[in-house]
1. Contour minus end-to-end for ASP57 and SER14, with contour as 0.36 nm per residue of separation and end-to-end as the Cα-Cα distance?
2. Let me make sure I get this right: for the stretch 158-236, a, b and c are the square roots of the gyration tensor eigenvalues over alpha carbons, sorted descending. Under 1.5 in a/c it's rounded, otherwise prolate if a/b > b/c, else oblate. Which is it?
3. Per 0.36 nm of contour for each residue apart, how much would the distance between ALA267 and VAL38 grow if the chain were fully extended, relative to their Cα-Cα spacing?
4. Under a no-solvent Debye model with one identical scatterer per Cα of the chain, what's log10 I(q)/I(0) at q = 0.12 Å⁻¹?
5. Ignoring ligands, DNA and RNA, what percent of the accessible area of the chain is carbon or sulfur (1.4 Å)?
6. Ranked highest first by average number of other Cβ atoms within 10 Å, how do 172-180, 3-11, 61-69, 149-157 line up?
7. Which distance in nm do the two modelled labels at ASP180 and ASP209 give, with both placed 7 Å along the Cα-to-Cβ direction?
8. Determine ³J(HN,Hα), in whole Hz, for all residues of the stretch 279-290 in sequence, where each value follows from phi through the Karplus function 6.51 cos²θ - 1.76 cosθ + 1.60 and θ = phi - 60°; x replaces Gly and Pro.
Amino acid sequence: MLTYTALTTLPGKSQAEALGEALEELDPEPTGVGVFEVEDGKGIWEVGGYFLDAPDDIDLALLSAAFGAGPFVVSEVPDQDWVAKVRRELPPVEAGRFFVYGSHDAALLPEGRIGLLIEAAMAFGTGHHGTTLGCLRAYDRLLDDAQRFDNVLDLGCGTAVLAMSAARMGAASVLASDIDPVAVEVALANVKANGLDGRVGCVESIGFDSPVVQAGAPFDLIFANILKGPLIELAPDMAAHLAPGGLAILSGLLIEQAEDIVEVYQAQGFDLKTREDLSEWSALTLRRHQ
């Protein structure tokens, strides 16, 4: 059975969210609508709808004109087993002492490595993307330097793979937060699958706004694998919620955006400790002044 996608882009979060709401009112109705910021730092948003029946071209043209978006691109999507596809295309990932894998690859977990299980149907933030891998490698290097962290926050957690890595290394308190309630559900499922119930708290939070996150501060390590814009906006809060001498591992950044982030965080009392570039992405480790 064929399904259909209709995708467009436009500038501005509020416009994109309004277009997404309007898209939900189409006939035939979409089975789902997504609104995402494109990871290029230019403030461009993608709006997409998923349909069981082909959407009407005229309706889509009227919507794009009304919201100042580009023309919708409609594509046919063949029916397939998406979980099987993920399993084929997402092999295990090694990041120093950490080994990120799906349940179908459990037999491949090497002896002496720290396994982080991510179910194949919950593949966002598995470690295959350069940003997540960069964060894991940065954390692994800190551990190699005999640094230990007792109070850790994974901000914008996705699958919570970073939070789970901290729990596996013995952190006494670990929080995983995300702005997306679906991501929080995914995080909870992965925490349970890894036998970390009670070791990793999962909460919905816009930045540091959640009372649970605020009560957990000051943290001695914060992972923030998000995007350039939110990282810049959150810089003062990042400093306020980190303990003196605490570390922040930041990613979700294109290589050409890294210098801008470093400059913003230096103005908030951070020093750059390490930087690693993987493909087109960069991961930064910064220390807050004592």
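The values are calculated or read from the model by the stated rules, or taken from the named source; none is laboratory data. As the structure is a computational prediction, the values presented were derived from the model and not from experiment. For neighbour counting, all protein chains shown are included, and Cβ atoms are generated from backbone atoms with ideal geometry for every residue, glycine included. Ligands, DNA and RNA are excluded from the accessible area calculation, which covers all protein heavy atoms including side chains. Shrake-Rupley method; radii C 1.70, N 1.55, O 1.52, S 1.80 Å.
1. Using 0.36 nm per residue and subtracting the Cα-Cα distance, I get 13.1 nm.
2. Here the stretch 158-236 falls in the prolate category.
3. Residue separation times 0.36 nm, minus the Cα-Cα distance, leaves 79.8 nm.
4. So the normalised log intensities are -0.82.
5. Carbon plus sulfur share of accessible area: 53 percent.
6. Per-residue Cβ counts within 10 Å, averaged per peptide and sorted highest first, yield 149-157, 172-180, 3-11, 61-69.
7. 1.8 nm
8. Running phi through 6.51 cos²θ - 1.76 cosθ + 1.60 with θ = phi - 60° gives 6, 9, 10, 10, 10, 10, 10, 10, 10, 6, 4, 5 Hz.
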